[in-house]
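Q: Pasting in a structure now, in structure tokens, and then I'll have a few things to ask.
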Amino acid sequence: MTSIADLPEDVLVELLSLLPARDLLRTCRLVCTQWRYVVDLTTLWKRKCQRDGFYRQSLDRSVSDWKIFYMLCHLKRNLIKNPCAEENFQHWTLDKNDGNRWKIEDLPGAHGNDMPDTAVRKYFVTSYRPCFKSQLITLEKEGYWNQLMDEKRPEITVKDWYAARFDCGCRYELIVRLLSEDYIVLVEFHPEPVVIEQWSDARWREISHTFRNYPAGVRYILFQHGGQDTQFWAGWYGVRVTNSSITIGPLTSL
């Protein structure tokens, strides 16, 4: 053997699979015809999935493109910033801030309960007039390039948690929109507002929705939630929200 090019293909796959995906695609693939061929091999990307804990044998029949699968698994994370009020209202736009305005409180709060996820320590709470806040996610900035969104259309899963106080009723509302480059609504998830009556169990409830087979052209995701109390009491007796999330990619990972 006189150079790395003389290595057997399986050894080259093993070595290249140790490199970051960005280096493989932007540098290694351009070295020579042989490296381009190896970088494009399914076995290389399946090996990377195995290394990073994304691989399960049950996926062998369902994954058609292991390179895209790896990239989606690698990118997958919560795209909502500051979901649990740990950074005050940073990253949120306060679209409506009426009554005594939005406030942040510590769990479990007065006449409330702890979250199932004990890592969540804070929540946002609404007042006696409408309070809504939102985040606009730019997909390209988060690593999801246009061709990926248009051709592969990976699943987009939205989750949110909300609760009432035991002593006061409230109203909760969630709107999630997939937007085009010109901010045109391509798909929308807007379920009926939830009204929780006074003297409820005050437990935290999760709402979840997964967008599938949506149109090409999605460039932004707009997430908006909020509500108010139903007794019109001064203070912060309205719906409580926290632990919001938007994730993109295979449901089999993370």
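The values are calculated or read from the model by the stated rules, or taken from the named source; none is laboratory data. A quick note: this is a predicted structure, and the numbers were derived from the prediction, not measured. Counting neighbours? That spans all protein chains shown, and the Cβs are built from the backbone with ideal geometry, glycine included. The area values use the complete protein model at the heavy-atom level, side chains included, leaving out ligands, DNA and RNA. Shrake-Rupley method; radii C 1.70, N 1.55, O 1.52, S 1.80 Å.
Q: For residue 159, list the lysines whose Cα falls under 28 Å from its own Cα; do not include residues on the same chain fewer than 8 positions away.
A: Reachable lysines: 67, 76, 81, 96, 103, 122, 133, 141.
Q: Would you mind telling me the share, in percent, of accessible area of the range 93-249 contributed by carbon and sulfur at probe 1.4 angstrom?
A: 45
Q: Continuing with this model, one more query. Could you tell me which residue out of 228, 85, 126 lies farthest along the dipole of the chain toward its positive end? Charges go on the beta carbon: Lys and Arg +1, Asp and Glu -1, centred on the Cα centre.
A: Towards the positive end, the residue furthest out is 85.
Q: Where nothing but the Cβ of Lys and Arg (+1) and of Asp and Glu (-1) is charged, how large is the charge dipole of the chain around its Cα centre, in debye to the nearest 20?
A: 200
Q: While we're on this one: Which value in nm describes the separation of the simple spin-label points at residue 33 and residue 21, placed 7 Å from the Cα toward the beta carbon?
A: In this crude spin-label approximation the distance works out to 2.9 nm.
Q: If you average the sequence gap of Cα pairs under 8 Å that are 6 or more apart and divide by the length of the chain, what percent do you get for the contact order?
A: Computed value for the chain: 24 percent relative contact order.
Q: Moving to a separate point now. Multiply the residue separation of residue 234 and residue 94 by 0.36 nm, subtract the distance between their alpha-carbon atoms, and state the gained length in nm to one decimal.
A: 48.5 nm
Q: Spelling out what I want: for every residue of the range 140-147, take phi, set θ = phi - 60°, compute 6.51 cos²θ - 1.76 cosθ + 1.60 (Karplus), and round to whole Hz; glycine and proline get x.
A: 5, 5, 8, x, 9, 5, 4, 4
Q: Among 191, 156, 107, whose Cα sits farthest toward the positive end of the charge dipole of the range 93-249 (+1 at Cβ of Lys/Arg, -1 at Cβ of Asp/Glu, about the Cα centre)?
A: 107
Q: Using the Kirkwood formula over every pair of different C-alpha atoms, what hydrodynamic radius in Å results for the chain?
A: One decimal place: 20.6 Å for the Kirkwood radius.
Q: Carbon and sulfur atoms: what percent of the 1.4 Å accessible area of the range 4-75 do they account for?
A: Working: 2260 of 4370 Å².
The nonpolar share, carbon plus sulfur, comes to 52 percent.
Q: Where in the range 229-247 is the amide nitrogen less than 12 Å from a point lying 7 Å along the Cα-to-Cβ axis of residue 113?
A: none
Q: Then there's this: Using +1 at the Cβ of each Lys and Arg and -1 at the Cβ of each Asp and Glu in the chain, identify which of 242, 54, 169 lies farthest towards the dipole's positive end.
A: 54
Q: Report, to the nearest 10°, how far helix 42-52 tilts away from the longest principal axis of the Cα atoms in the chain, using its own Cα long axis and a range of 0 to 90°.
A: In the chain, helix 42-52 runs at an angle near 50 degrees to the longest axis.
Q: Note the full-extension length gain between residue 197 and residue 59 as 0.36 nm times their separation in residues minus their Cα-Cα distance, in nm to one decimal.
A: Details: separation 138, 0.36 × 138 = 49.68 nm, distance 4.42 nm.
Stretched fully, the residue 197-residue 59 segment lengthens by 45.3 nm.
Q: Percent of Cα-Cα pairs per 10 Å bin, from 0 to the last occupied bin, for the range 1-102, please list those.
A: Percent of pairs per bin, in order: 13, 33, 20, 14, 12, 7, 2, 0.
Q: Between residue 7 and residue 184, what FRET efficiency follows from the Cβ-Cβ distance if R0 is 45 Å, with the result rounded to 0.05?
A: 0.30
Q: Compute the length gained on full extension between residue 209 and residue 150: take 0.36 nm times their separation in residues and subtract their Cα-Cα distance, giving the result in nm to one decimal. Let's see the in-between values first.
A: Details: separation 59, 0.36 × 59 = 21.24 nm, distance 2.00 nm.
Length gained between residue 209 and residue 150: 19.2 nm.
Q: Using unit Cβ charges (K, R positive; D, E negative) and no other charged atoms, how large, in debye to the nearest 20, is the dipole of the range 190-238 about its Cα centre?
A: Value, rounded to 20: 340 debye.
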